Ligand SMILES: Nc1ncnc2c1ncn2[C@@H]1O[C@H](COP(=O)(O)OP(=O)(O)O)[C@@H](O)[C@H]1O
Ligand SMILES: [Mg+2]
């Protein structure tokens, strides 16, 4: 379970998160929607300690992410994250991209890491591309590789930050299908997305992020189909 | 038609000089690259109050003519009573000089690695060192290699300056032969050819590696 309690986060004088509270249960899929620059990416990076916070706390299965003694490298094994930019390691083949962390972080042997990597790549439909370099992949394939790379660590949670935003429209579908598959398998996911219909279909709950706080949150169909706050209504009008 | 007194003994003498040139180049590149990597990495990570003085020292090494550095170091060595050969002085000074250039090459390579790629590595649970070893260095190497090859070639030619502290390397050996035979055009052409033959494989190797990497880009 991820518990976010009254989190405050600033970049210099700019306060981006102004007291965010949120709890995500095991097995839940939560989508976060909201205008650009509202702090959605920042929130995800606070959850796995890529960004420090200035107030409040975040607990992942009871571990206080930002407590001084927390081993972030260890914590991050349990939390996969996939970013908007594709972030392949360009000097490694697709298989090596996915093997690297299991080998170096989890200490698996070459054979075992290879099996883990191949299994996860097949799972996202890249079984034919194992020995190819990322530069030879389409954006959608690179993004699926990034998902496989995160899954290869067997995380308990997956965070997705607008993973389809940088893709050509015809490639969005294949990545969304991969996300849908993960949600069907019961993966706990936080999904920052601009794909409103997709969010409505796969998520249990949707949170509307506005001006550094969660402005409205509720079951997916209600927040998207019958929003209560004027700002949510305006936002949905602008993107649908 | 071409009458010459240039004999095998002279060429052998020049090849011995070329051996000295190669050996100084090799030591300078070895020392300069190790130091350059350390300095280059330091320049991307140290806080400004350590970074600024380090940058200043490297700037001095880059901007004072190498010839002056050789002569000063060689004299300074006698003053403080260090018992080092001119060859050692040459290797040490050229290493430092090489390091000052190499540090910039390394720094540029490291800064060329996108922050987002490094963040992706850290998000998988990799430590700072693992990120450096498995992501940053291999990626930086691809950016830095052409410049590093250029540095090798330029250092090889810069070694000629050590003749000023009494080392007989290829250029000095050629001068000696010229003085004796009074055939500067031929002798210097041979010297130039030897320099070329030493540089060419390095340049080729660099081009080969670059080509191989670019196939994956
Ligand atoms: N590293 C940073 N340094 C300074 N400002 C930042 C940094 N990252 C994000 N910001 C600012 O924080 C705000 C929220 O950014 P972000 O979390 O990326 O928003 P979103 O993902 O909702 O579009 C923006 O105004 C952005 O400019
Ligand atoms: Mg964002």
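Observations on the structure shown:
- For the stretch B:89-217, the fraction of C-alpha pairs more than 27 angstrom apart is 41%.
- In degrees, nearest ten, helix A:94-104 long axis to first principal axis of chain A (Cα): 80 degrees
- Its DSSP H runs of at least 4 residues, each contributing -39,500 (n - 2.57), put the calculated 222 nm mean residue ellipticity of the protein assembly as shown at -18500 deg cm²/dmol, to the nearest 500.
- Degrees separating the helix B:137-158 axis from the principal Cα axis of chain B, which is the longest one: 20 degrees
- Extent of chain B along its three principal axes (Cα atoms, max minus min coordinate, largest first): 72, 49, 23 Å.
- Taking A:154, A:36 and counting other C-beta atoms within 10 Å, the order from fewest to most: A:36, A:154
- Our analysis of the protein assembly as shown gives Rg over Rh at 1.15, with the two radii drawn from alpha carbon positions and Rh computed by the Kirkwood formula.
- Order of A:1, B:126, A:145 - criterion: other Cβ atoms within 10 Å of each residue's Cβ, fewest first: A:1, B:126, A:145
- Rg and Dmax [Cα atoms of the stretch A:33-149; Å; Rg one decimal, Dmax integer]: 16.2, 47
- Shape box of the stretch B:140-215 [Cα atoms, principal axes, largest first, Å]: 52, 25, 12
- A:104, A:26, B:211 arranged by Cβ crowding within 10 Å, fewest neighbours leading: B:211, A:26, A:104
- Translational diffusion of the stretch A:148-214, estimated by Stokes-Einstein from the Kirkwood radius over alpha carbon pairs at 37 °C in a medium of 0.692 mPa s, is 254 µm² per second.
- Modelled this way, with points 7 Å down the Cα-to-C-beta line, the labels at residue B:67 and residue B:207 are 3.2 nm from one another.
- Note on residue A:36 and residue A:229: their simple-model spin labels are 2.1 nm apart, each label 7 Å out from Cα toward Cβ.
- Comparing the stretch A:104-240 with the 2.2 N^0.38 Å rule of thumb, its C-alpha radius of gyration ratio is 1.21 (two decimals).
- Modelled label positions at residue B:8 and residue B:85, each set 7 Å beyond Cα in the direction of Cβ, lie 2.8 nm from each other.
- Pair-distance distribution of chain A: all C-alpha pairs, bin width 5 Å, starting at 0; shares per bin in whole percent are 1, 7, 14, 17, 19, 17, 13, 8, 4, 1, 0, 0.
- Distance-filtered residues of the stretch A:183-208 - backbone nitrogen under 15 Å, label point 7 angstrom along residue A:222 Cα→Cβ: A:204-208
- Per residue of peptide A:87-98, the mean number of Cβ atoms on other chains within 10 Å of the residue Cβ is 4.
- Relative to the longest principal axis of the Cα atoms of chain A, the long axis of helix A:169-184 makes an angle of roughly 90 degrees.
Taken together, the values in this text are just the output of simple stated rules run on the coordinates, not laboratory data. Bear in mind that the values here come from a model prediction, so they are computed numbers and not experimental data. Cβ sites come from the backbone with ideal geometry, for glycine too, and all protein chains shown count toward neighbours.
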